[in-house]
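Taking it in order: structure first as structure tokens, then the write-up.
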2 protein chains.
Amino acid sequence: MNNASALYQYGTLAMLVPGLFEGTLTLEELLKHGDTGIGTGDGLDGELVILDDKAYQIDGDGKVNELDKDFTVPFANVHFASFEHLMNVHALYNMNDLEEKISSSQDWQNTFFSVRAHGTFKSVDTRSISKQSKPYPTLVECAHNQREFHGEDVEGTVIGYFSPQLFNGAAVGGYHLHFLADDKSIGGHLLNFEMVSGDVKVQKLDELVQKLPSKNEDFMKHDFSKDDIAGAIGEAE
Amino acid sequence: MNNASALYQYGTLAMLVPGLFEGTLTLEELLKHGDTGIGTGDGLDGELVILDDKAYQIDGDGKVNELDKDFTVPFANVHFASFEHLMNVHALYNMNDLEEKISSSQDWQNTFFSVRAHGTFKSVDTRSISKQSKPYPTLVECAHNQREFHGEDVEGTVIGYFSPQLFNGAAVGGYHLHFLADDKSIGGHLLNFEMVSGDVKVQKLDELVQKLPSKNEDFMKHDFSKDDIAGAIGEAE
């Protein structure tokens, strides 16, 4: 039986900071641990959205591609969807409003949870990045080469996770949200939005299953003590 | 089938820093996730050693007690033993020597692993603490009230874990080792030892299953932003 309280995380965000972008897990393997989630591809190849057991990539040009099971990831989060309705949106909420509204609805600041919101967006701002080549740049260098996308009057889904600050570095402390339009016209890592109406669901995940790529020599040999992990996450995420 | 690469952690070390010591998981539940490990009891009630599916408490007076399945823990680490022989000890090793020898034997600084060493110790220095009452003191306050124990010419087992620095706060970054003498004459949180001879085994654990006590209101409502978690771990662990 699937564990509906477990958040599976492959890799750590800290790995991405110095440029450890190699995809070391296939989607086939990843999807054994969840049907819903977010991530990035081999070489930081776009932003991923996984909904209802289907994985989509928003590539560096903003195009949405459905992914094969042999696509590999360096970093991803998935869980088995079992969301509870939290609220309906009637007023205009930007991303910060929505995050604050969710956070103030319950005392979940010390646990992981997932957010899935579907509705109508007056505007959506996202970003994505093209696949990088070896030798990989750092995450902050990549952040300067991302493309941003803007959509208006979009129907779509916000999907992502909240992680306690204690786990910043392994994960993104706080909210980490991606977006996918119903018509696949826009998606990516969410920068902001104006949500007009919709349904917000949450799922408490009080168990983090943190898998490390322990067969990847670049990861195992890397000296993380010189990386400013929190600083880079703040700048790049 | 048991997952021999998973380290199950119940609670976080960060919880202990402000005094969230309430036992919220029974040993019966804990031992479903491993037969080997370390931890502490409800109210910081001693230091625990779990070997071969049996749980022992080294209490605040240094006495070793075998624990019932209904004993509860606020924080513990367990895994299913499947160790590999790393080396035999012939020369005199103190705790720091042994840790350095293990660390230099392989590139495991970025993954979790367990250490189990059995042998003859010229001397062993441990500490433990008595059960605290509510309102609980902080971890650093408790550290000043611990008792230390000294043994000589002891046969026994070192058991514990190494955690990557990225997870310091959730776990103890670096080594976190406990001890139990074969004749139960001494045990506890290891401060130092002089190992004369013995067998050192290790087990790579590249998956951390981090379970949070999300039904414990004191934990869920706590504001960790004011706690100096890394500082307290450095002082108390």
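The values are calculated or read from the model by the stated rules, or taken from the named source; none is laboratory data. A quick note: this is a predicted structure, and the numbers were derived from the prediction, not measured. With ideal geometry, Cβ positions are generated from the backbone for all residues, glycine too; neighbour counts draw on all protein chains shown. Quick note on the areas: whole protein, heavy atoms, side chains included, nothing else; ligands and nucleic acids left out. Shrake-Rupley method; radii C 1.70, N 1.55, O 1.52, S 1.80 Å.
General remarks:
- Computed per residue of the protein assembly as shown from DSSP H runs no shorter than four, each worth -39500 (n - 2.57), the mean residue ellipticity at 222 nm is -3500 deg cm²/dmol.
- Dipole in debye (nearest 20) - the range A:124-232, about Cα centre, beta carbon charges: Lys, Arg +1; Asp, Glu -1: 540 debye
- Placing unit charges on the Cβ atoms only, positive for Lys and Arg and negative for Asp and Glu, gives the protein assembly as shown a dipole magnitude near 120 debye about its Cα centre.
- For the protein assembly as shown, the Cα gyration tensor yields ellipsoid semi-axes of 43, 24, 18 Å (square root of five times each eigenvalue, largest first, whole Å).
- Position residue A:138: other-copy label points at 3.3 nm, ordered by increasing distance, label point 7 Å along Cα→C-beta.
- Residue B:196 label point (Cα plus 7 Å toward Cβ) to equivalent points in the other copies: 8.2 nm, shortest first.
- Kirkwood hydrodynamic radius (C-alpha pairs) into Stokes-Einstein, the range A:169-237, 20 °C and 1.002 mPa s, D in µm²/s: 134 µm²/s
- Mean sequence separation of contacting Cα pairs (under 8 Å, at least six apart), scaled by the length of chain B, corresponds to a relative contact order of 29 percent.
- Zone residues, the range A:116-136, relative to residue A:196, backbone N less than 11 Å from point 7 Å out along Cα-to-Cβ: A:120-123
- Comparing B:25, B:139, B:166 in a Gaussian network model of chain B, where Cα atoms under 10 Å apart are tied by springs, the biggest mean-square fluctuation is seen for B:166.
- Considering the rotation that superimposes chain A on chain B, the residue of A whose beta-carbon lies nearest the axis, and that distance in Å, is A:209, 3.
- The Stokes-Einstein estimate for the range A:64-139, based on a Kirkwood radius over Cα pairs and taken at 20 °C with 1.002 mPa s viscosity, is a diffusion coefficient of 130 µm²/s.
- Over the range A:41-186, the reciprocal of the mean inverse Cα-Cα separation, the Kirkwood hydrodynamic radius, stands at 16.5 Å.
- Whole-Å distance, taken between Cα centres, linking the range B:109-153 and the range A:162-203: 42 Å
- In the context of the full set of protein chains, chain B has a per residue accessible area of 40 Å² (1.4 Å probe).
- The calculated Kirkwood hydrodynamic radius for the range B:13-52 is 10.9 Å, given to one decimal from all distinct C-alpha pairs.
- Extending 7 Å from the Cα toward the beta-carbon at both residue A:107 and residue B:97 defines two label points whose distance is 5.0 nm.
- Kirkwood Rh, Cα atoms: Rg over Rh of the range B:150-196: 1.07
- Unsatisfied cross-links (Cα-Cα over 21 Å) in the set A:69/A:131; A:226/B:211; A:69/A:211; B:131/B:226; A:215/B:204; A:201/B:226: A:226/B:211; B:131/B:226; A:201/B:226
- Kirkwood hydrodynamic radius (C-alpha pairs) into Stokes-Einstein, the range A:114-198, 37 °C and 0.692 mPa s, D in µm²/s: 235 µm²/s
- Scattering profile of the range A:25-90 at q = 0.11, 0.14, 0.23 Å⁻¹ [log10 I(q)/I(0), Debye over alpha-carbon scatterers]: -0.27, -0.41, -0.89
- Sequence-separation-based contact order of the range B:1-96, relative, with Cα cut under 8 Å and 6+ spacing, percent: 35 percent
- A Gaussian network model of chain A, with springs between Cα atoms under 10 Å, assigns the largest mean-square fluctuation among A:212, A:30, A:16 to A:212.
- Applying 1/(1 + (r/R0)^6) with r as the Cβ-Cβ distance of residue B:237 and residue A:26 and R0 = 41 angstrom yields a FRET efficiency of 0.60.
- Taking a sphere under 12 Å around the Cβ of residue B:138 and counting the other residues whose Cβ falls inside, with K and R at +1 and D and E at -1, yields a net charge of -3.
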